[in-house]
1. Only one of these is modelled with pLDDT of 95 or more and assigned to a helix (DSSP H, G or I): 132, 155, 167. Name it.
2. Does the stretch 254-261 contain at least one residue that is part of a helix (DSSP H, G or I), in the same structural domain as residue 194 (by TED's automatic domain parsing) and touching a strand residue (DSSP E or B) at 6+ places or on another chain (Cβ under 6 Å)?
3. In the stretch 19-49, what count of residues is obtained for those that are assigned to a loop (DSSP other than H, G, I, E, B) and either in contact with a helix residue (DSSP H, G or I) (Cβ under 8 Å, 6 or more places away or on another chain) or at pLDDT 85 or above (or both)?
4. Considering the stretch 311-342 alone, what residues qualify as being modelled with pLDDT of 95 or more and on the phi > 0 side of the Ramachandran plot?
5. Of the residues 510, 539, 558, which is at pLDDT below 85 and either touching a strand residue (DSSP E or B) at 6+ places or on another chain (Cβ under 9 Å) or farther than 22 Å from residue 11 by Cβ (or both)?
6. If you check every pair at least six apart or on different chains, which have Cβ atoms under 9 Å apart with a residue in the stretch 448-474 that is over 19 Å from residue 348 (Cβ atoms) and outside the structural domain of residue 404 (by TED's automatic domain parsing) first and a residue that is surrounded by fewer than 16 Cβ atoms within 10 Å (Cβ to Cβ) and modelled with pLDDT under 95 second?
7. Picking from 171, 159, which residue would you name as being assigned by TED's automatic domain parsing to the domain that holds residue 81, within 24 Å of the chain's Cα centre (by Cα) and surrounded by fewer than 24 Cβ atoms within 10 Å (Cβ to Cβ)?
8. Condition check: surrounded by fewer than 20 Cβ atoms within 10 Å (Cβ to Cβ) and under 30 Å from residue 183 (Cβ atoms). Does residue 107 satisfy that?
């Protein structure tokens, strides 16, 4: 379920009595596989089979408390990721249950879906936070109006939709009279948490705080700390409508502590924390960041590693290898944004016309014309006109770029960057030697025509990253950074369907016996014999799930086996045709 990099993060969580952190990836995967098998069976029966000394609940609670208490990011990140993963599995288990769903937030509890989303933010795992946000339900029966709003805000925070939070801030508040003092107190505490989330969103976007909350709290941290103080101690209240002491509101207190922990990491991961590259116009850079932050305000940890290596700096080329789905286009946008902020143009190469079309749409979204005045184009026919000029970002295949280099080399004089997506195309393979040759001639020709331009090579499967980086450095005569980051955001349990050998043998014998009885009839056809055997060939399917990135651990396999159907299935014909009897 977890790739090697993510498993290493889980194993780095602090040890607990009776729990070796090395076993955490396998433990969480086993719980996830157990849930997946139960869903395939269409039954929740057996979900508790794996409960042991360290159940999901205990795992979630212990590391969640540790996340709330520590200020050390090296401890917080793995602890929060362990707790968040456990809470997400619990949230999915709860979703599959048929009983009435309790409120997301009440006096004594926080729903696992909310906790999971915030914990993943604390762990700086923003793809997981986005996934956890999908489990957050709003308009839950019996839930307060304020709890509904806070649930929506936390879901938007986890998905990076900070503008939605600020837009909601201006319209959601309305006076509600609660007759019960406890309800009034809970509503006031939740309202303060909403104010903290709104202030956090404004801070991350470098926007002015919403007018209705700007004067009440100095910052998001101030709002969260206020809720923690008021919900767990006696003293004078600072919340409107509440007088006197407030005692032990565990739900709001715990939620405030989680949000406080997440806010520290979010400040470091803000897109605005990325300084402009050397020579870039600061105003243009910040204008683009503000536009981009509305869609993707958080910089993933793997992208921050690339930034720390200086891949996007002026005068630096780079070879960046990221798995599929790990954000190659997103990370390249930082380099492109810096080049545009210097008044230079960009040529973006993609190996197929379909990918050219897709990248054109993506880049038009990342660099809208009304923000930096940039135009993204893939209309190659216009480039073949006399005195044609490249647009700010031109997307094309290497073959078309090679033709343009021959036809109008002077058009590349203002180009400051060549981006080559799927750059493993440069490696000659059987049947693709011509394409590799054209791609290599394109790179060499571009370097000859625009020797001062940087180059950015992107791939998900390049193996000799360092060798290629050395070659690019030798070609350009300037530094080239090698960035090879194997982490990927996707999580999936891998399994194989198996059957009990004894049950298969009994089914085979039953099929043979049925055929013998049928064969005694006069005029029996082969088709009839096959149909008789088919009715007997059935068995209960099981799944064997791998519990770690590499199934083998020494001479044994790290796996778990459980049934994925409560009834037998036919082994001939449709796989999921339920056997009779």
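The values are calculated or read from the model by the stated rules, or taken from the named source; none is laboratory data. Every value quoted in this text rests on a predicted model; they were computed, and no experiment measured them. Cβ atoms come from the backbone with ideal geometry, glycine included; neighbour counts cover every protein chain shown.
1. Values: 132 fails: modelled with pLDDT of 95 or more; 167 fails: modelled with pLDDT of 95 or more.
Result of the check over 132, 155, 167: 155.
2. Checking the stretch 254-261: at least one residue is part of a helix (DSSP H, G or I), in the same structural domain as residue 194 (by TED's automatic domain parsing) and touching a strand residue (DSSP E or B) at 6+ places or on another chain (Cβ under 6 Å).
3. Just the residues of the stretch 19-49 that are assigned to a loop (DSSP other than H, G, I, E, B), to begin with: 20, 42-49.
Checking which are either in contact with a helix residue (DSSP H, G or I) (Cβ under 8 Å, 6 or more places away or on another chain) or at pLDDT 85 or above (or both) leaves us with 20, 44-47, 49.
Looking only at that region, the number is 6.
4. 315
5. 558
6. Sorted first by the residue in the stretch 448-474, then by its partner, the list stays empty.
7. Working: 171 fails: within 24 Å of the chain's Cα centre (by Cα).
One residue alone meets the criteria, 159.
8. Details: surrounded by fewer than 20 Cβ atoms within 10 Å (Cβ to Cβ): yes; under 30 Å from residue 183 (Cβ atoms): yes.
The answer is yes for residue 107.
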